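Undergrad: Got a structure here, written out as structure tokens. Questions coming.
The values are calculated or read from the model by the stated rules, or taken from the named source; none is laboratory data. From a predicted model like this one, the values you see are computed outputs, not experimental measurements. When we count neighbours, we look across all protein chains shown, and the Cβ atoms used for this are built from the backbone with ideal geometry, even at glycine.
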Amino acid sequence: MEMLNGRELAKNIKKTITEKIKIITKTTNQNPALATVLIGENPASQIYIQSKIKACHEVGIKSYHYNLSTNATERDIINLINDLNNNSNINGILLQLPLPQHSLTNNCINTINPNKDVDGLHPLSYGRFSLLKSWEDILKSNLLVPCTPLGIMKLLQYYNIEVNKKLVLVIGRSNLVGKPIAMLMLAKNATVIMAHSKTVNLKQLTAIADIIIIAIGIPNFLSNKYSLKKGVVIIDVGINRTQHGICGDVDLDYVKTKNVAISPVPGGVGTMTITMLLENTLKAFINQNKLKFPQL
Ligand code: NAP
């Protein structure tokens with residue numbers, strides 16, 4: 001079993017981001033700035049936000065945190081987002097999901113100025129990258145692509161894992177992970193199969209896939225009930241808190257006996273997600289200030 005270590009790559013990318021920000025600060029006397037918005041007191045969300053703020057400070061991104069109460073109304077959240085949209089000192093806005101009131105999610109995300117949408121979840125951000133045909137076009141465009149799928153693409157690229165012409169099985173069809181990673185895989189010429197809770201023949205699909213990306217939130221779901229193709233690459237996106245600690249959607253005890261490459265949990269996709277948030281914040285700053293230094 002080969003491990004696809006996200007921490008190693010994240011460290012390299014963070015180093016590059018730090019160097020770019022030093023150049024920016026020297027030239028413009030400014031630092032990119034990210035606003036994090038948390039509604040309520042969900043303990044897991046608080047941990048994620050703290051990790052994001054810490055990562056910002058490590059690379060020289062300023063961060064401003066806003067915490068509204070669980071009882072905040074849609075108007076309260078939208079007013080805050082509008083204030084941040086209009087604040088020229090803020091380059092990126094991250095609304096931590098899930099919101100306590102799930103039904104407000106779309107309206108709140110839709111309020112974020114797409115140029116500050118560092119999570120890449122606004123319909124315009126989504127549409128912009130989905131409409132481009134190739135991965136090269138997406139990279140060249142400087143678009144804000146959703147962080148987790150972008151991190152997965154970079155992880156595969158770092159480990160020289162070929163996507164072109166491969167059969168990719170995406171398990172989970174969330175807006176956050178499943179749907180956007182499928183679009184990026186298509187842009188890289190993969191043949192993509194999307195599976196979800198209503199899929200009836202999942203066992204047949206896991207047996208033929210060259211790459212499996214699983215994001216469903218069920219601990220150890222991909223277990224010995226599922227056959228795997230020799231040499232399959234598995235990207236485990238799941239983050240599940242169990243009484244034994246954090247684990248992914250893949251049963252590591254099962255896959256470690258197989259000829260596979262896998263991104264571990266923790267230490268795989270999660271670390272890359274935060275790093276892509278930093279990269280998107282830097283990108284948003286560069287786009288907003290129309291910077292064109294060759295080093296950037
Ligand atoms: P989500 O919104 O929780 O949706 C789960 C998806 O899994 C749905 O599409 C659902 O199908 C599908 N599903 C559920 N049971 C299934 C089954 N038995 N067989 C096949 N598909 C099934 O998804 P998410 O937000 O993408 O989160 C998924 C996991 O990834 C969670 O553990 C989350 O914490 C983690 N996550 C990690 C990162 C990271 O940075 N590493 C980022 C985001 C999320 P239906 O659509 O049919 O209901």
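Undergrad: Of the residues that make up the stretch 127-146, is at least one within 25 Å of Cys247 (Cβ to Cβ) and either at pLDDT below 95 or surrounded by 22 or more Cβ atoms within 10 Å (Cβ to Cβ) (or both)?
TA: Checked the stretch 127-146: at least one residue is within 25 Å of Cys247 (Cβ to Cβ) and either at pLDDT below 95 or surrounded by 22 or more Cβ atoms within 10 Å (Cβ to Cβ) (or both).
Undergrad: Still on this model: Given the options Ala215, Ala187, Ala209, Ala182, name the one that is touching a residue at least 12 places away in the same chain (Cβ under 8 Å), of a type in the set (A, V, I, L, M, F, W, C) and in contact with a Leu (Cβ under 6 Å, 6 or more places away or on another chain).
TA: That would be Ala209, the only listed residue that is touching a residue at least 12 places away in the same chain (Cβ under 8 Å), of a type in the set (A, V, I, L, M, F, W, C) and in contact with a Leu (Cβ under 6 Å, 6 or more places away or on another chain).
Undergrad: Among the residues of the stretch 59-75, what is the count of those that are among the charged types (D, E, K, R) and exposed (fewer than 13 other Cβ atoms within 10 Å of the Cβ)?
TA: 1
Undergrad: Then there is this: Would you check which residues across the stretch 243-296 are β-branched (Val, Ile, Thr), closer than 30 Å to Asn85 by Cβ and within 18 Å of the chain's Cα centre (by Cα) and list them?
TA: Within the stretch 243-296, Val269, Thr271, Thr273, Ile274, Thr275, Thr281 qualify.
Undergrad: I'm checking my understanding of the structure. Among residues of the stretch 90-113 that are surrounded by 19 or more Cβ atoms within 10 Å (Cβ to Cβ) and in a helix (DSSP H, G or I), which one is nearest to the ligand (Cβ to nearest atom)?
TA: Among them, the one singled out is Ile109.
Undergrad: Quick one: what pairs do we get from the stretch 268-283, first residue farther than 20 Å from Asp236 by Cβ and within 13 Å of the ligand (Cβ to nearest atom), second at pLDDT below 95 and of a type in the set (Ser, Thr, Tyr), C-beta under 9 Å, 6+ apart or different chains?
TA: Qualifying pairs under 9 Å: none.
Undergrad: For Phe221, all conditions in the list (1) closer than 20 Å to Gly151 by Cβ; (2) within 11 Å of the ligand (Cβ to nearest atom) hold save one; what is the number of the exception?
TA: (1)
Undergrad: Before we move on, is His196 within 11 Å of the ligand (Cβ to nearest atom) and surrounded by fewer than 18 Cβ atoms within 10 Å (Cβ to Cβ)?
TA: Criteria met by His196.
Undergrad: Residues Ala44, Ala35: which one is buried (at least 19 other Cβ atoms within 10 Å of the Cβ) and under 30 Å from Ser263 (Cα atoms)?
TA: Every option except Ala35 fails the conditions.
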